[in-house]
Amino acid sequence: MSMKLMVQEALHEVIDPELGVNIVDLGLVYKIEVDNNNNITITMTLTTPGCPMHDSIANGVKHRLGLIDKIGNIQVDIVWEPAWSPDKMSNRAKEMLWS
């Protein structure tokens, strides 16, 4: 399994504490980059710029990815463009939140 795929699968285990849904299904993860030394850069957003869980979610990403063998440095870049909206959520997330 490629490092990028391992990272993507691990990110499914990082839960937004306010919504109780993982950050991938919420559509918060925009890009996963892995360099030749297995250094990881995650480009992601949050549901709102004033999200009180900013540090908690970013630290959750770093903690979970840090459990992967042979991973290098982990950088989490929080961006606000493009802005998050509910249409970025997976169908699974929508069902969990709105059913």
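The values are calculated or read from the model by the stated rules, or taken from the named source; none is laboratory data. All figures in this text were calculated on a predicted structure; none of them were measured in a lab. Cβ: placed from backbone, ideal geometry, glycine included. Neighbour counts: every protein chain shown.
Quick one: in segment 68-89, of everything that is within 21 Å of Gly20 (Cβ to Cβ) and out of contact with any Leu (no Cβ under 8 Å at 6 or more places or on another chain), which residue is modelled with the highest pLDDT?
Looking only at segment 68-89, we keep the residues that are within 21 Å of Gly20 (Cβ to Cβ), and these are 76, 78, 84-89.
Filter once more, keeping what is out of contact with any Leu (no Cβ under 8 Å at 6 or more places or on another chain): 76, 85-87.
Values: Val76: 97, Ser85: 93, Pro86: 92, Asp87: 93.
Filtering first and then ranking leaves Val76.
Confirm whether Thr41 is farther than 21 Å from Ser85 by Cβ, β-branched (Val, Ile, Thr) and surrounded by fewer than 17 Cβ atoms within 10 Å (Cβ to Cβ).
Values: farther than 21 Å from Ser85 by Cβ: yes; β-branched (Val, Ile, Thr): yes; surrounded by fewer than 17 Cβ atoms within 10 Å (Cβ to Cβ): yes.
So Thr41 passes the test.
I need a count of the residues in segment 28-50 that are in contact with an Asp or Glu (Cβ under 8 Å, 6 or more places away or on another chain) and within 22 Å of Met89 (Cα to Cα). Even if it seems obvious, please write down each step before you answer.
Here is the first cut: in segment 28-50, the residues in contact with an Asp or Glu (Cβ under 8 Å, 6 or more places away or on another chain) are 28, 40-44, 47.
Filter once more, so that each one left must be within 22 Å of Met89 (Cα to Cα): 28, 41-44, 47.
Of the residues in that region, 6 qualify.
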Check: Restricting the search to segment 6-32, which residues are surrounded by 21 or more Cβ atoms within 10 Å (Cβ to Cβ) and either at positive phi or touching a Lys or Arg at 6+ places or on another chain (Cβ under 8 Å) (or both)?
Finding: Leu11, Val14, Asp25, Leu26, Leu28
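Go through the chain and tell me which helices (runs of 4 or more DSSP H), entirely inside it, have 2 or more residues that are aromatic (Phe, Trp, Tyr) and touching a strand residue (DSSP E or B) at 6+ places or on another chain (Cβ under 9 Å).
On the way: elements: 3-11, 54-66, 91-98.
Helices (runs of 4 or more DSSP H) meeting the threshold: none at all.
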Notebook entry, point to check: Restricting attention to segment 44-62, which residues are among the hydroxyl-bearing types (Ser, Thr, Tyr) and surrounded by fewer than 18 Cβ atoms within 10 Å (Cβ to Cβ)?
Noted result: Thr48, Ser56
Margin query: I'm told Asp35 meets every condition in (1) at pLDDT below 95; (2) surrounded by fewer than 17 Cβ atoms within 10 Å (Cβ to Cβ) except one. Can you identify the failing condition by its number?
Written below: (1)
